[in-house]
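Okay, so here's the structure we're looking at.
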Amino acid sequence: MRLGALEAGGTKMVCAVGDETGKIFEQISIPTVTPQETIPQMIEYFKKTQIDALGIGCFGPIDPERNSDTYGYITSTPKLAWRNYNIVGVFEEALACPVGFDTDVNGSVLGEVTFGQAKGKNCVVYVTIGTGVGAGVFIEGKLLHGMLHPEAGHVLIQKRSDDQYRGKCPYHKNCLEGLAAGPAIEERWGQRAAALKEREEVWDLEGYYIAQALSGYILTLSPEMIILGGGVMHQEQLFPIIRNYVKEILNGYIKTKELEHMENYIVPASLKDNQGIMGCLELARRAAEL
């Protein structure tokens, strides 16, 4: 089966073709501009590759509820050109094939539980920390949607007393995204994250904020594994800092084998940054079987 995958991000659209085993045959990247500029290029690509089904993991918020009047839409996104855009409907009409649809971070967690290190686990949280912060949740064998879908990048964070930065998020300044995403790091410290690698104080504060959010996810969702991806998490020195702060915040309240071995519990992504595309291949496979 030839499956198409579209990892629809705010900066770029990654289009790929692969199969149900997660093997990727080819992929291209197209800048995310407006639907009028970007969508025709992707339709042309997938028409040429002759796919049997397409899986889309999309920036949000989106409507993933199949019984909804706005299923398949990008909804209240800050990217105004894409607001209330029926991305699923456009591809279904153009390609005449089944289309699977979910958030980009749900796509990433699906890639990890289907093809990666989280295979066989019942509850996994995937958090991406980059230009924004998002979380995908796989729980009891399903991707979590509920009322909408998780927007766990916007959980509120208690600011540390030595941090005078007001926060970047226009909705709530002191959410995880507002305090810890890439743009917040750059605005607070005056340099991009990649240029701050040797500044220990930068990563201690970053690790503290991420650990606060993860501790909340642990207490509410009880995940068997937490996977951290995205550009900020390429700063690998963050992982031990985060693990230590999670231990400090939880303060011995929960005792499990997972928390005794934090190095195997809070971990980097395992699929060479292809977890999103591979998850989209699985979304396509599932759509083809409906």
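Name the single residue, out of those in region 239-287 being under 22 Å from A211 (Cα atoms) and basic (K, R), that is most open to solvent (accessible area, probe 1.4 Å). Across region 239-287, the extreme among qualifying residues is K255.
Tell me the residue from F25, F46, F59 that is at pLDDT below 95 and either hydrophobic (A, V, I, L, M, F, W, C) or on the phi > 0 side of the Ramachandran plot (or both), please. Please lay out each step first, then the result.
On the way: F25 fails: at pLDDT below 95; F46 fails: at pLDDT below 95.
Within the list F25, F46, F59, the selection yields F59.
For region 59-71, taking the residues that are more than 18 Å from L283 (Cα to Cα) and out of contact with any strand residue (DSSP E or B) (no Cβ under 9 Å at 6 or more places or on another chain), the one that is least open to solvent (accessible area, probe 1.4 Å) is identified as S68. Summed over region 45-58, residues that are open to solvent by less than 50 Å² (accessible area, probe 1.4 Å) and in contact (Cβ under 8 Å) with a residue 60 or more places away in the chain total 6. Just so you know, in region 78-118 the residues that are farther than 30 Å from Y265 by Cβ and touching a Ser or Thr at 6+ places or on another chain (Cβ under 6 Å) include one that is most open to solvent (accessible area, probe 1.4 Å), and it is R83. In region 256-268, the residues that are at negative phi reach residues that are part of a loop (DSSP other than H, G, I, E, B) and open to solvent by less than 10 Å² (accessible area, probe 1.4 Å) with C-beta atoms within less than 6 angstrom, at least six apart or across chains, in these pairs: E258/Y265. Residues in region 149-166 that are in a loop (DSSP other than H, G, I, E, B) and touching a strand residue (DSSP E or B) at 6+ places or on another chain (Cβ under 8 Å) were compared, and the one that is farthest from A211 (Cα to Cα) is H149.
The residues listed here are I43, I56, I51; of these, the one that is assigned to a strand (DSSP E or B) and not charged (D, E, K, R) is I56.
Entry remark, region 15-33: residues being within 19 Å of the chain's Cα centre (by Cα), open to solvent by less than 60 Å² (accessible area, probe 1.4 Å) and of a type outside the set (A, V, I, L, M, F, W, C) number 2 in total.
On the given criteria, is L219 open to solvent by 60 Å² or more (accessible area, probe 1.4 Å), within 30 Å of K121 (Cα to Cα) and in contact with a Cys (Cβ under 6 Å, 6 or more places away or on another chain)?
Working: open to solvent by 60 Å² or more (accessible area, probe 1.4 Å): yes; within 30 Å of K121 (Cα to Cα): yes; in contact with a Cys (Cβ under 6 Å, 6 or more places away or on another chain): no.
No, not satisfied.
Is region 135-143 home to any residue that is open to solvent by less than 50 Å² (accessible area, probe 1.4 Å), among the charged types (D, E, K, R), over 15 Å from G207 (Cα atoms) and not in a loop (DSSP other than H, G, I, E, B)? Checking region 135-143: not a single residue is open to solvent by less than 50 Å² (accessible area, probe 1.4 Å), among the charged types (D, E, K, R), over 15 Å from G207 (Cα atoms) and not in a loop (DSSP other than H, G, I, E, B). Contact map, region 145-159: first residue closer than 18 Å to V109 by Cβ, second residue modelled with pLDDT of 95 or more and of a type in the set (D, E), Cβ cut-off under 8 Å, separation 6 or more or different chains; pairs are L148/D63; H149/D102; G153/E177; H154/E177.
Going through region 167-210 one residue at a time, which ones are part of a helix (DSSP H, G or I) and touching a residue at least 60 places away in the same chain (Cβ under 8 Å)?
The first filter runs over region 167-210 and keeps only residues part of a helix (DSSP H, G or I), leaving 176-180, 182-189, 193-196, 200-210.
Selection gives I210 alone.
The values are calculated or read from the model by the stated rules, or taken from the named source; none is laboratory data. It should be emphasised that the depicted structure is a prediction, and the values quoted were computed from it without experimental measurement. Counting neighbours? That spans all protein chains shown, and the Cβs are built from the backbone with ideal geometry, glycine included. Accessible surface areas use protein heavy atoms only, side chains included; no ligands, DNA or RNA. Shrake-Rupley method; radii C 1.70, N 1.55, O 1.52, S 1.80 Å.
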